[in-house]
Every structure is written in structure tokens, then in C-alpha cells.
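The values are calculated or read from the model by the stated rules, or taken from the named source; none is laboratory data. The model shown is predicted, which means the values in this text are computed figures rather than measured ones. When we count neighbours, we look across all protein chains shown, and the Cβ atoms used for this are built from the backbone with ideal geometry, even at glycine. The protein model used for the area step is the full one, side chains on, heavy atoms only, and it has no ligands, DNA or RNA in it. Shrake-Rupley method; radii C 1.70, N 1.55, O 1.52, S 1.80 Å.
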Amino acid sequence: MADVPPLADPPVTIEPRFGEGSRILVTGGAGFVPSHVVDRLLDRGATVVVVDNFITGAKENIAHHEGNPRFTLVEADVAEPLPRVPALGGRFDAIMHLASPASPTDFRRYALEIMRVNGVGTLHLLERAVADGARFLLASTSEAYGDPLVHPQPESYWGNVNPIGERAVYDESKRFAEAATMAYHRDRGADVAIVRIFNTYGPRMSLDDGRAIPTFITQALRGEPVTVMGTGQQTRSICYVDDLVRGILALLDSRETGPINCGATHEISMRALAETIVSLVGSSSPIVHVAKAPDDPERRRPDLTLARRLLGYEPVVAPEEGLRRTVEYFRQRLT
Ligand code: NAD
Ligand code: UDP
């Protein structure tokens, strides 16, 4: 992991290097976060090939790129060898491995698929990155820290993960993906970057995603009870998707390996989050408490020191504003 240099003055700015003339493979590009990454890459003039099997993603997230000659969608499972189609034939300058179901609801529904995409899928894509001489960026997660005993969580913290629980299929397969990425870097000279993403929300989360924010918003808009799990005192630090995507692209453009945390530091309890959303929606939904999820982390908050110093990263969207935009998106989807 990179040493922390003294705070740069003036602040670091990372110049975009994967823009016009670059060919970029984005796995999982039809998903929530990845589809926003695809938008920004196309805005910069890059050529983008998305590979997605739609296990949790949706065609409508990328439908607005149909007809763009710099955009191609390939429907395939990246845990299998990539299909021999022209779009996947040429050399890629960067491979962004963002594919993986990410909601705790999916940890039960898609346990083996999650292990395959983060395990076998990561190995396949690292091989391809070495063959192409491409920069490889892995979307890892704050779940690598498990139920952390250190707050906020710096990248140097090794985590507190139950290796056999329901969440392990995700936590441990992302930890495997990180280990594989670093092994390819050390042994095969792969140019790699690992981002540990903290709870991110925004438009294009799916209605049945199961994560707290889309669930609370959907319930509040429908006037249904808002289901807080356990005591509701557990916390998360929520990041609006535009901020996260800026951080991911700064890491891609940088020469850093990471892992680097990316997210925001607005730590909020789930009870307070439910109350905020009910009030923003103007809903009369009651807030009810339901069973706690197994191994549910009690507190989570990123230490963003590395992202700030190495990438010049700073999240700027206030939670009220980000939640307002997200509520508007869900309101339109539900009417
Ligand atoms: P998402 O489910 O909306 O997107 C994942 C995409 O990957 C979907 O389009 C899905 O169909 C695709 N996919 C899954 N398995 C695949 C496979 N085998 N082959 C091809 N495509 C496949 O989830 P998201 O929240 O946008 O997460 C995107 C990435 O960011 C994931 O790697 C996730 O682990 C990571 N992440 C997200 C968050 C967050 O708060 N959103 C937090 C930590 C990490
Ligand atoms: N949560 C909740 N009600 C829900 C969904 C989630 O209270 O309907 C809680 C969950 O127990 C956890 C927090 O919200 O403590 C965040 O869960 P989420 O699924 O959004 O993401 P996680 O950070 O656990 O991956």
C-alpha cells in the first residue's frame, strides 16, 4: 500500500488520461454505479465496451447510449471466458472490473454467482489486462473491513470478517479479488488499482435492490411501513454516486495502486436515515423495526486521507441534496 505523503499544497489534481482515443472495457456496465462510470467515460470521448449478464443490472441504465458508435454492449457472464465477438477482439487501454451483485439481499439470492464473478471473473480479467498491457481497476468494497473494530476505517486496517457467514460470499470473494489483483501486480507486472467503495446511492438503483436507501424511499413513496432492521442505531456513511464516480475516475487516471477508500463521511444511523427519507418524501409511512440482518456491521465510516492526498478527492454533494435527487428518480419510476 502507498505511503501517505504530506498534504500536497496546492491540492493534487489528476489529469484525465483515459479519454478520447482510449478503449475501455467496463464489466457490469449496466449496473447502478458502473452505468454512471460509463456515462462519464463516454463524455470524455473514450470508446466503451460494456459486458453485463443483467443479473442485477438493467438495459435501461445504458439505453441512452444506443446508436453511439463509441459504445458497445456485449451480453455475457464475465465468470466465463469472454465471447469471441469483434467488440472484444481489439486491445483495451483499461479494464474496469465493476461487475458484482452488491446488495446484502443478493448475498443469499446469488451466493455462488457472487463468488464466481469476484473469483474466477477477476482472474480472467487480470489475464486479459496483462495480455493487453491495460490498466486494471477493481471495484472492491468497505465490506473488506467486515464489522470493523476501528473507526473510521483506514486502508491499513485488515478488517473483522466472519469467513463462513452469509455475508462471506461477498466479503471474502472481494478480499480474494484484492489478493489476486495484488498478486498479478507483483508477479506479472500488471498495472492495477483497487478502490474500496463505501455505501453509495443515487438514481439507477433498482426498485427491488434491497439496500436501505432504495428500500426506504420506495416504502415511503408507497406509504408502506419503512423497515429499519435491528435497533436502527447501526451507522453507514452515505455517498452520492456522482462524487464516488469522480473518485473512481481519478484513481483510474492516477498511477496509484491502492487500495484507496472512496465514499463520504456523512455517518448516519439507519433510524435517522429512515426519518430523513420519510420527511423528504413527505410521507405518512410509519417506521417499524424488523429483525437484524446476520453479521450486520455496527458502524462504518471511511478514512478518506489517502483519497484526498493522492487523488485530490473530496465528496461535495450534501446528503439532503443527494437524497432529494434520488427520491425524484424513484418518484418518476413509480408513477
Ligand atoms: P449493481 O448490481 O447495480 O451493478 C453490478 C452490475 O454487474 C450489474 O449490472 C450486474 O448485472 C453485473 N454483473 C454481475 N455479475 C456479472 C457477471 N458475472 N457477468 C457480467 N455482469 C455481471 O451494483 P452496484 O451497487 O452498482 O455495484 C457496482 C460495483 O461496485 C460492484 O462491484 C460492487 O461490489 C461495488 N460496490 C458498490 C457499492 C455501493 O454502495 N453501490 C459499495 C461497495 C462496492
Ligand atoms: N437496513 C434496514 N432496512 C432495510 C435494509 C437495510 O434497516 O430494509 C439496514 C441494514 O441492516 C444495514 C444498513 O441498513 O444496517 C445498510 O444496509 P444496506 O443493505 O444498505 O448496505 P450494507 O452497508 O449493509 O451493505
Check: Taking the stretch 218-229 as the region of interest, how many residues are near ligand 2 (Cβ under 7 Å from one of its atoms) and open to solvent by 20 Å² or more (accessible area, probe 1.4 Å)?
Finding: 2
Check: For the stretch 42-78, what are the residues that are part of a loop (DSSP other than H, G, I, E, B), crowded, with 22+ Cβ neighbours inside 10 Å and out of contact with any strand residue (DSSP E or B) (no Cβ under 6 Å at 6 or more places or on another chain)?
Finding: T56, G57, I62
Margin query: Taking the conditions exactly as written (open to solvent by 10 Å² or more (accessible area, probe 1.4 Å), more than 25 Å from T335 (Cβ to Cβ) and of a type outside the set (V, I, T)), does R211 satisfy them or not?
Written below: no
Margin query: Step by step: first the residues of the stretch 278-306, then only those that are among the small types (G, A, S) and away from ligand 1 (no atom under 16 Å from the Cβ), then the one that is least open to solvent (accessible area, probe 1.4 Å). Which residue is that?
Written below: S285
Check: When the stretch 181-193 is examined, which residues are found to be open to solvent by 10 Å² or more (accessible area, probe 1.4 Å) and either in a helix (DSSP H, G or I) or of a type in the set (S, T, Y) (or both)?
Finding: M182, A183, Y184, H185, R186, D187, R188
Check: Do any residues in the stretch 69-87 that are closer than 21 Å to V120 by Cβ have Cβ atoms under 7 Å from those of residues that are hydrophobic (A, V, I, L, M, F, W, C) and more than 11 Å from ligand 1 (Cβ to nearest atom), where the two are at least six apart or on different chains, and which pairs are they?
Finding: V74/V49; V74/V85; V74/A87; V74/L88; L82/L88
Notebook entry, point to check: Is there a residue in the stretch 138-158 that is surrounded by 24 or more Cβ atoms within 10 Å (Cβ to Cβ), in contact (Cβ under 8 Å) with a residue 24 or more places away in the chain, more than 15 Å from the chain's Cα centre (by Cα) and away from ligand 2 (no atom under 15 Å from the Cβ)?
Noted result: no
Check: Can you tell me how many residues in the stretch 159-178 are under 18 Å from the mean Cα position of the chain (by Cα) and open to solvent by 30 Å² or more (accessible area, probe 1.4 Å)?
Finding: 3
Note to self: I need a count of the residues in the stretch 23-41 that are open to solvent by less than 10 Å² (accessible area, probe 1.4 Å) and more than 14 Å from ligand 1 (Cβ to nearest atom).
What the structure shows: 2
Next item on the list: Quickly run through the stretch 273-289 and pick out the residues that are touching a residue at least 12 places away in the same chain (Cβ under 8 Å) and of a type outside the set (V, I, T).
Entry: L273, A274, E275, L280, S283, S284, S285, P286, H289
Check: Which condition breaks for L334 when tested against (1) modelled with pLDDT of 95 or more; (2) open to solvent by less than 70 Å² (accessible area, probe 1.4 Å)?
Finding: (1)
Notebook entry, point to check: Got a number for residues in the stretch 307-331 being surrounded by 15 or more Cβ atoms within 10 Å (Cβ to Cβ) and part of a helix (DSSP H, G or I)?
Noted result: 13
